[in-house]
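Below: one structure, written as structure tokens.
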Amino acid sequence: MRAAIFSFSARGAELSKKVAEYLHSIGYETELQTVAKYAEQTGIAPMLPDHNGACAAVFNKCQALVYVGAVGIAVRTIAPFIKSKLTDPAVISVDERGSFVIPLLAGHIGGANELSRCLAAALGATACVTTATDVNGLFAVDEWAARNSMVLCSLAAAKDFAAALVGDEKVGLYYDKEFQLTGSLPKLVVEDSSLPVGMAVTLQKHLQPFATTVRLLPKIVHLGIGCRRNTPLENIEALVLPELEKLQLDKRSVVAIASVDLKKDEQG
């Protein structure tokens, strides 16, 4: 995982080093940048050609961006690059005194909320999480899906699911019989397929047990491929895709493709 950390003052640059130390401790490869006037005295690389260009260079390459400085600077800088909560990196703002850690973007799917809480604990700061499910102590289906390597099939349905919970309504849960439920269910989540809104943990491509269904695809399907030497990709694809369709399996649930080691150099 990669993280870029930007700062805009001498104090902020020093704090960014502490942020980098923590992120490195949990597995991030970190890159620190600061404004040119503080680069030499802090030993941190300058943002080139400026903070907008520096952001453009890393936005799609990093899993997390941390701005040590005013929230407004971070918001204006990332604005041109925001595309989708499914693909945007986690973006976090930290004030230069290290008092508050604020997730700005990709709070659930990108993990900014949880990362902000952990970073705040490491800095002795306060995490300011504002998403409705979090402030109400409710289950966040998109965050849970991301944490468990599941594909969220509909953002619109996920919003309706969250809105129902925030409105103090019960939501349903369905899961394929191959799966087992362990532990207790979150608040307002019940195993009841008669409810209008619910989530389905399933490998079935077209399953919609609720009028509004948040379908979650576990990425657990492995394809075993055998072929003659030099079989082209098109031939393999022509076999595999119809088979997945016949089995009602969404190709997004495929996590790996494997074959015997003798075939490891096969182009197809």
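Mind checking which residues of region 113-170 are outside any helix (DSSP H, G or I), open to solvent by 30 Å² or more (accessible area, probe 1.4 Å) and of a type in the set (Gly, Ala, Ser)? The answer is Gly124, Ala127, Gly137, Ser149, Ser154, Gly167.
Listed here are the residues, each with its yes/no results for (1) more than 25 Å from Val151 (Cα to Cα); (2) in a helix (DSSP H, G or I); (3) at pLDDT 90 or above; (4) touching a Lys or Arg at 6+ places or on another chain (Cβ under 7 Å).
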{"position": "Ala238", "(1), (2), (3), (4)": "no, yes, yes, no"}
{"position": "Leu244", "(1), (2), (3), (4)": "no, yes, yes, yes"}
{"position": "Val255", "(1), (2), (3), (4)": "no, no, yes, yes"}
{"position": "Glu266", "(1), (2), (3), (4)": "yes, no, no, no"}
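Could you check region 25-81 and list, in sequence order, the residues that are in a helix (DSSP H, G or I) and touching an Asp or Glu at 6+ places or on another chain (Cβ under 9 Å)? Give the derivation first.
The initial filter retains those residues of region 25-81 that are in a helix (DSSP H, G or I), namely 25, 36-42, 51-58, 71-81.
Answer for region 25-81, where residues must be in a helix (DSSP H, G or I) and touching an Asp or Glu at 6+ places or on another chain (Cβ under 9 Å): Ala36, Thr42, Val58, Val71, Ile78, Phe81.
Within the span defined as region 220-239, every residue fails to be under 29 Å from Glu169 (Cβ atoms) and not charged (D, E, K, R). Among the candidates Leu32, Leu65, Leu15, Leu23, the residue that is touching a residue at least 24 places away in the same chain (Cβ under 8 Å), open to solvent by 30 Å² or more (accessible area, probe 1.4 Å) and not acidic (Asp, Glu) is uniquely Leu32.
Filtering region 235-267 to residues that are charged (D, E, K, R) and without any contact (Cβ under 8 Å) to a residue 24 or more places away in the chain leaves Glu237, Glu243, Lys246, Lys251, Asp261, Lys264, Asp265.
Select from region 68-97 the residues that are more than 24 Å from Arg147 (Cβ to Cβ) and of a type in the set (A, V, I, L, M, F, W, C) and write down the one among them that is surrounded by the most Cβ atoms within 10 Å (Cβ to Cβ). Of everything passing the filter in region 68-97, Val68 is surrounded by the most Cβ atoms within 10 Å (Cβ to Cβ). The set of residues in region 171-193 that are assigned to a loop (DSSP other than H, G, I, E, B) and among the β-branched types (Val, Ile, Thr) contains only Thr182.
Tell me, please, whether a residue that is touching a residue at least 40 places away in the same chain (Cβ under 8 Å) and under 18 Å from Ser149 (Cα atoms) can be found in region 180-189. Checked region 180-189: no residue is touching a residue at least 40 places away in the same chain (Cβ under 8 Å) and under 18 Å from Ser149 (Cα atoms).
The values are calculated or read from the model by the stated rules, or taken from the named source; none is laboratory data. In this text the structure is predicted, and so the values were computed from the model without any measurement. Virtual Cβ from ideal backbone geometry, glycine too; neighbours counted across all protein chains shown. Only protein heavy atoms, including side chains, enter the accessible area calculation; ligands, DNA and RNA are left aside. Shrake-Rupley method; radii C 1.70, N 1.55, O 1.52, S 1.80 Å.
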